[in-house]
Structures are given as structure tokens and as C-alpha cells.
Amino acid sequence: MKFYATAACAAVLLCAAGWTASAEPVGNTSAIIPNASQVPPQGTRSDLKLKDPIIRNAELATAERGALEVTFLDGSKLTMGQNSRLTVDEYVYTGPGGTGKQTVRYTKGIFRFVSGSIPKDNVKIETPTVTIGIRGTIFRSVLDDDGKGAISVEYGPNGEEYEVVVTSKETGKTIVLKSGQKVAFDNAGVFEGIVDGQVEGCN
């Protein structure tokens, strides 16, 4: 009986250790209106509260008329508008001046991204139709259920000019989008012309 009890305790400890290892925090909720949820890997959906940790590989979702801001460990910020969904696919941060990697996969919704201290070449935003590479930036995007959407690039707080590189997954075409510009794309990843303007939402 003692052997079985010891084995059972060991199994519980191993499971707990495995869960802790997989539940790797990459940041926390820095603003939330009125509610949003998180589904960790191999976990169950739970409502998020202010300052809750965001777990790598978790799926985040906002409710109708909801909004969520996530602040990552490197200082980057990601805001989600209503009815939005994304997954933090990859996140490695080794501290100021170190290397790192950040990949976020948008599923649908309205988003605003402000880059942090992870080297810009190592930051990617994936959607079903396009990949967004950054060059030190603030940009917004909107994505419909069928994969079509739009992207715009903002100016910095002191008028800094930024740009993003957008690549179609279907055609392989790449465009460079600069501050003050917007581009739309269809569900086959075909770009419309670049125009002046901004995606609305996620202020």
C-alpha cells in the first residue's frame, strides 16, 4: 500500500511539473474591457483578469464589444478589439540586449501591435493569407473570418516613420507599407493598391 501511495504521489508531482513547464508565461493582461478569455495548451478556457499571465501557445479571444491589451516581457504591446482571436505561437525573450523570437498568429478580428525590444527581424505576425514582418513599428490590422483583411502603419509618438513588409502566402508577392499607408487583401492573399489611411479600431 505504501508503494502504491508513493507512486501515486510521484505521478501527481510529475504531472504538475509537466503542466508548469508547458504553462510558460510570456506577458500579462494590461487592460481588459469588459472580458476576454484564454485557452492554454491542453487546458480549458478561462476568463482573464487584469495582470493575469498570458501563456505561450494559448489561444486568446475577446467577446462582442470586448477588448484586451497584452504587454509582453520585452515591452511589446498587442491590443485586440471585439470578436478577435489569436495564438501566441512562439515567444523567446532573453532580456535587454539579448536575442529573442516572437510569432503571433491572428485568426480573426481587429488588432494593434507595438513592437518591443526583441530584434525586429525575429518578430512575425501570421494570418491565414499574409505574413507581416516588422521594422520597428506600430501597425493595425483587421481580419475577416474568410482570411481577407487590411493593414495600416502608424507614425510614432514623436512623428517617427515606420514600415512593415507584407508577404502573400498564396502568390509570394511582397510589399512594403509605410507610416500613413494602408493596404487591403482578399482571401487569396491578393493585394489591392496601397492608399493613404488607417484601419479603424484598437486605439
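Results, tabulated for the structure shown:
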| read-out | value |
| --- | --- |
| Count of the range 47-75 residues which are of a type in the set (S, T, N, Q) and either touching a Cys at 6+ places or on another chain (Cβ under 8 Å) or at pLDDT 95 or above (or both) | 2 |
| Among residues of the range 1-42, those that are modelled with pLDDT under 85 and either more than 31 Å from the chain's Cα centre (by Cα) or part of a loop (DSSP other than H, G, I, E, B) (or both), counted | 15 |
| Some residue of the range 104-122 being under 17 Å from residue 163 (Cα atoms), in contact with a Cys (Cβ under 7 Å, 6 or more places away or on another chain) and among the hydrophobic types (A, V, I, L, M, F, W, C) | yes |
| So residue 151, is it among the hydrophobic types (A, V, I, L, M, F, W, C) and touching a Leu at 6+ places or on another chain (Cβ under 7 Å) | yes |
| Of all residues in the range 43-56 being in a loop (DSSP other than H, G, I, E, B) and either over 14 Å from the mean Cα position of the chain (by Cα) or among the aliphatic types (A, V, I, L, M) (or both), the one that is surrounded by the most Cβ atoms within 10 Å (Cβ to Cβ) | 48 |
| Any hit, the range 135-150, residues being in contact (Cβ under 8 Å) with a residue 24 or more places away in the chain, in contact with a helix residue (DSSP H, G or I) (Cβ under 9 Å, 6 or more places away or on another chain), in a loop (DSSP other than H, G, I, E, B) and farther than 19 Å from residue 80 by Cα | yes |
| The lone exception for residue 80 - which of (1) surrounded by 23 or more Cβ atoms within 10 Å (Cβ to Cβ); (2) free of Cβ contacts under 8 Å to residues at least 60 places away in the same chain it fails | (2) |
| Positions within the range 177-203 being exposed (fewer than 14 other Cβ atoms within 10 Å of the Cβ) and either acidic (Asp, Glu) or touching a strand residue (DSSP E or B) at 6+ places or on another chain (Cβ under 7 Å) (or both), in sequence order | 192, 195, 196, 197, 200 |
| Single condition residue 118 does not satisfy, out of (1) closer than 20 Å to residue 57 by Cα; (2) β-branched (Val, Ile, Thr); (3) assigned to a strand (DSSP E or B) | (3) |
| Subset of the range 135-161 that is surrounded by 21 or more Cβ atoms within 10 Å (Cβ to Cβ) and over 21 Å from residue 107 (Cβ atoms) - its residue that is farthest from the chain's Cα centre (by Cα) | 153 |
| Residue match in the range 105-116 (condition: more than 23 Å from residue 190 (Cβ to Cβ), without any contact (Cβ under 8 Å) to a residue 60 or more places away in the chain, crowded, with 18+ Cβ neighbours inside 10 Å and among the polar types (S, T, N, Q)) | yes |
| Selection within the range 121-133 - touching a residue at least 24 places away in the same chain (Cβ under 8 Å), in a strand (DSSP E or B) and crowded, with 19+ Cβ neighbours inside 10 Å | 123, 130, 132 |
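The values are calculated or read from the model by the stated rules, or taken from the named source; none is laboratory data. Small disclaimer: the values here were computed from a predicted structure and weren't measured. Note: ideal-geometry Cβ built from the backbone for every residue, glycine included; neighbour counts use all protein chains shown.
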